[in-house]
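The values are calculated or read from the model by the stated rules, or taken from the named source; none is laboratory data. Owing to the predicted nature of the structure, the values given are computational and were not obtained by experimental measurement. FYI the Cβ positions are ideal-geometry reconstructions off the backbone, even for glycines, and counts take in every protein chain you see. For accessibility, only protein heavy atoms count, side chains too; no ligands or nucleic acids. Shrake-Rupley method; radii C 1.70, N 1.55, O 1.52, S 1.80 Å.
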Amino acid sequence: MMKLSGEKISLRALEPEDLGFLYDIENNESFWEVSHTQTPFSKFILKQYIEHSHLDIYEAKQLRLMIEKKDTSEKIGMIDLFDYNPQHLRAGIGILIHPNFQQKGFASEVLSVLINYCFYQLNLHQLYANITTDNLSSISLFTKHNFQKIGIKKDWILSKGKFKDEILYQLIKP
């Protein structure tokens, strides 16, 4: 896979040595709302996931990339393309930046790099993101990158006993 990078970040495929980082992120209950996770993942299951991550987006219909700081190669998060649809040339995007690295411009740079990759390497026509109405940081991030609000899914996410609305954002290739 080609190495994707910006000024401060690099994106790369999963490697076996990412198991610890992936284990910590996937089992952090504060992220479960956005990942739709309900139970913890074992290291065994995550190791199998990494071993099968060599499948390309055309086979797996998804792609997870690690986000690293370019200057130190420190892992700071992950970005996912999901629900890849080759017939309609679209995919969903999900970004997770570790809390220690949030609000430092990394997510914006990552999103910019991935949009470029999706539109000009994968030749996608559109990207979308699902964001709960209370996730103001993500709403700001995606609107900054010209994603348009196209609808609201009422009572879509059950979190801590309460339902939340989820906004659907879309970016069509210019």
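Residue pairs whose Cβ atoms lie under 8 Å apart, sitting 6 or more positions apart in sequence or on different chains, and linking a residue in the stretch 111-124 that is in a loop (DSSP other than H, G, I, E, B) to a partner that is crowded, with 22+ Cβ neighbours inside 10 Å, are L122/A91; L124/A91; L124/C118. When you scan the stretch 90-107, do you find a residue that is open to solvent by 30 Å² or more (accessible area, probe 1.4 Å), farther than 19 Å from E15 by Cβ, of a type in the set (A, V, I, L, M) and touching a strand residue (DSSP E or B) at 6+ places or on another chain (Cβ under 7 Å), even just one? So far as the stretch 90-107 goes, yes, one or more of its residues are open to solvent by 30 Å² or more (accessible area, probe 1.4 Å), farther than 19 Å from E15 by Cβ, of a type in the set (A, V, I, L, M) and touching a strand residue (DSSP E or B) at 6+ places or on another chain (Cβ under 7 Å).
One residue stands out among those in the stretch 86-110 that are assigned to a strand (DSSP E or B) and aliphatic (A, V, I, L, M): the one that is nearest to the chain's Cα centre (by Cα), which is I95.
Residue under question is D56, and the condition is that it be at pLDDT below 80 and either on the phi < 0 side of the Ramachandran plot or among the hydroxyl-bearing types (S, T, Y) (or both); does it hold? Criteria met by D56. Tell me yes or no: at least one residue of the stretch 86-96 is in contact (Cβ under 8 Å) with a residue 24 or more places away in the chain and farther than 16 Å from K61 by Cα. There is at least one residue in the stretch 86-96 that is in contact (Cβ under 8 Å) with a residue 24 or more places away in the chain and farther than 16 Å from K61 by Cα. Return the residues of the stretch 2-42 that are surrounded by 11 or more Cβ atoms within 10 Å (Cβ to Cβ) and modelled with pLDDT under 70; say none if nothing qualifies. The answer is N27, N28, F31, W32, E33, V34, S35, T37, P40, F41. Does D134 satisfy the condition of being more than 21 Å from D18 (Cβ to Cβ), charged (D, E, K, R) and either part of a helix (DSSP H, G or I) or under 15 Å from the mean Cα position of the chain (by Cα) (or both)? In short, no.
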